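Reviewing the structure listed below.
Nothing in this text is a laboratory measurement; each read-out follows from the coordinates by a stated rule. A quick note: this is a predicted structure, and the numbers were derived from the prediction, not measured. Cβ sites come from the backbone with ideal geometry, for glycine too, and all protein chains shown count toward neighbours.
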Amino acid sequence: MHANADISRRILLAAVWRRVPLWLAVALPWVLLRTWPGVLACAAWAAWDFIRLRQRVYGNWTRWIDGAVPELEDSSALLVRAETPVGRLQQQRLLARVSSAIGKDRLRAIARERVPLGLHWFAISAVAALGFWAAQLTATDGAVAAPSLARAAAVQKSELAMRITPPKYTGVAASRTAPRDLLVPEQTIVEWCLKMPREGEPPIELSDGQVLKIGQQCVRWTATESVFWRWRGARYNLKVVPDNAPRITVSMPKQMVQVLSPDATSARIAVEVVDDYAVTRATMHLTLARGSGENVRFSDREVPLPGSKDPRVRNWSKDWSLADLGMEPGDELYFFIRAFDNAGRAQQSQSPTYTLRLPGPVEEGEESTALPMLVKPENLRSQRQIIIDTEQLIADMKANPRLAAATLQDRSQKIAGDQAILRRRYGQFLGEESTLFGGEEEHSEGDGHDHGGGGAGGSSAGMIAEYGHMHDESENATMFDEATKKVLRRALSAMWDAEKALRAITPKPALAPEYKALEAIKELQQADRIYLHKTAFAPPAIKEEIRMTGDVVGAKSYRREQAAADQAIPAEVRALLQTLASDGALPALWTRDAQDWIRERIANDDQRLAAQRAVQDVADGCVPCRPVLRAWLRGAITEAPVVLQAKPVTETPFTRAWRSGAKP
C-alpha cells in the first residue's frame, strides 16, 4: 500500500509541476497592476484548481500508467487491490517492474498527456486585468491630480481646523471639525484656523471669487449662499440651508370667498403655521364690513394664535359663532394670517385674504346715496365694493400664480360687469338712456316733442326751444349745473378706464381709475359746491435771442424713437464666450464677469457650484475645461425679448398729398 501511495504522489507531483506555470501566469497581470485583491482572487482560484487536479490524479492514475507503460499489460489495477495470495504475488512483481519502468521522463510524459495547460484561464485573467487597468486609467484622467489632492487633503486634516458657529436662534450647537464637506444653516459663521501657523501660507479661495488670507489669525466667513472652498489644491463643498419664512396653510374655509348659508350660526376657521426653527408670533387679522352702497363701515381686530408643544408648528382650529365674529345678515368678514419667526431679523409671512360672506335680506327700493331721484337695483354693487373685489383678485393672483385662466377671466369679467352697471347708473345723470333703471322714455306725436315732423322751420325751432329738450345734446336733458356735470364726467371717464382694464384681464391697472371714480363720487356726496380748477397747456418760454434764426441745436424731433432691443448677453460675457471657443488669451477681469453672470442666472446650488468649479479650473490653466465653462455660460442665457420694429417709410410731398386725398 505504501508503494501504491508513493506512485500516486509521484504522478500528482508531476501534474502539479505541469500546472504551476499556469497558476503563476494567471496571477502575473494582477501583480504588475499591484492589485492585491486580484492577486488574492488568483490564489483562491489556484487552490481550487489544485483540489480538482488531485481528485483527477487519485481517481485515474492507474489508467494513466496502463496507457503510458505497455510492460504492465493493463494490470495496474492489481496495484490498488490484491485480495488473494496469487494477487499479492502478482502485485509485488508489478511494483518491481513499475519502479524500474517509471522514471522522471516517463512521469513528465504522463503529465503532458493527461494534464492540459489551460491557457484559456490565462486569457480570462489577462482580459479582466486589462479592463481593470483601462477603468483605472479613465478615473485617473478624470482627476488629474487625484494622488496629490489626496495627500493635500491628508495634510489639511492635520494642519487646518474649522469652527462652525450657527446662529443662536437655530438651536444648533457650535462644533469643531477637520476639513470636509459641510451642511450648515444660513448666517452660520465659519472659521478656518491653522494649528501651526507659518508665514507664506496659501489663502483660502471661495468659489464666489473671495480670497481669505489665513495666517496667525483665524479667518471667518458668514454663510449666505452655498459655495465650495479650496486650500492647497483640495476642494470641499459648504452648502447652506436657507432659513425660510413661516409657511401658512388655511385649511378652512377651503375657498377664498366662502358664502355662508342664510341660516348659518357658525363658521369654522382652521390654520397651520410651520417654520424651520420656531414661530414667535402668529395673529389673525379680522375686518368686518357692514353697510351697503357708499355707506360701508369697517371694524378691525386682531386675534393671537395659541402656541403648541412644538415651537416650530402652530395648529389652530375653531368654530366661531357668528355672534362672536360680530356678523349680521349682509355683512362680510375679511381675515388673513400673519406670522413671524425667531430669526435675528424676523421674517414675516402673510396669507391671502379670505372672505366670509353672510347673505342678507333683499332690499327693494333702496335709494342712491350719491345722487337722489334714482332707484337702485338689487344686484348693484358700490364703487368701494368693486375696489375690494379688485384688490382681492390681485391678492389671489399673487398668492396663486398658477390660477386657472378661466377662473381669472370669469372673476375679472364679473367685476367689469359690476363696474359697467355702476357706470351706466351715473351715466343717466348726463343724459345716457338705459333700460337698467326703468323703462325707456317713449315718444309719440302728442308727447310735446318734435321729431322732425312737418311745419315751418322757424316755428318748429321755436316750439323746441320753448317746450322741448334737444336730443343731440344728451347732457342738456339733465337738471344738474355745469360744475356737477364736470365731476360726473370725471367719474365716468375713470369708470370707463377701470372697465377696459378689467375686460382685458389686467385687474392691477384698474385700481387707480377705480379710486379716482370713488374720489369723484365722494366729492358729489360731500360738497355743496364743486370748484374745478381749470388748467391749460403752458408752453415753455421763447428765447428771443434765437427766435427765427434757424438754430435747431437742442431741439427734439416730433418723431418717436423706436425702442431698442434689450441686450440679452452683456458684451463682456459675449467676448468671453468667443474666447473660450479657442485657446487664445482670456479677457481681463474675465473671472469677475463669469462669476457675476453665473450668480445672477443659475439658481440651483449644485449647478452653480459646478459652474464655479469650471471657472476655477480654467483660471488654473486647464485648457480642456474651457468647453465645460462655455457650456455653463451658454446654458445660463435666457430667451431674448422680441421687440417689434416699425417698417421705415420714405416721406415725400407726393406721398403726403396722396394720403390726404388732395386732387391735382
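Find how much the distance from residue 124 to residue 268 grows on full extension, using 0.36 nm per residue of separation minus their present alpha carbon separation; answer in nm with one decimal.
Taking 0.36 nm per residue and subtracting the Cα distance, the gain is 44.3 nm.
In nm², what is the average projected area of the convex hull enclosing the Cα atoms of the range 146-241?
Computed as one quarter of the Cα hull surface, the answer is 5.9 nm².
Could you order the peptides 232-240, 586-594, 492-500, 169-177 from most to least packed, using the average number of other C-beta atoms within 10 Å per residue?
Ranked from most to least packed, the peptides come out as 492-500, 232-240, 586-594, 169-177.
Order these by the 10 Å Cβ neighbour count, fewest first: 218, 625.
218, 625
Around residue 239, under 10 Å between beta carbons, what's the net of Lys plus Arg minus Asp minus Glu among the other residues?
Summing Lys and Arg as +1 and Asp and Glu as -1 gives -4.
Any idea how far apart residue 49 and residue 398 come out in nm if each label point goes 7 Å out from Cα toward Cβ?
7.9
Taking neighbour counts of Cβ atoms within 10 Å as a proxy for exposure, in what order, fewest first, do 638, 655 appear?
Result, fewest neighbours first: 638, 655.
Hey, fewest Cβ within 10 Å first, where do 382, 266 land in order?
Ranking 382, 266 by Cβ neighbours within 10 Å, fewest first, gives 266, 382.
Run the numbers on the range 183-337 and let me know its relative contact order in percent, using alpha-carbon pairs under 8 Å that are six or more apart.
The value is 19 percent.
At 7 Å along Cα-to-Cβ for each site, give me the label-to-label distance between residue 485 and residue 20 in nm.
Taking the simple label geometry, residue 485 and residue 20 are separated by 12.8 nm.
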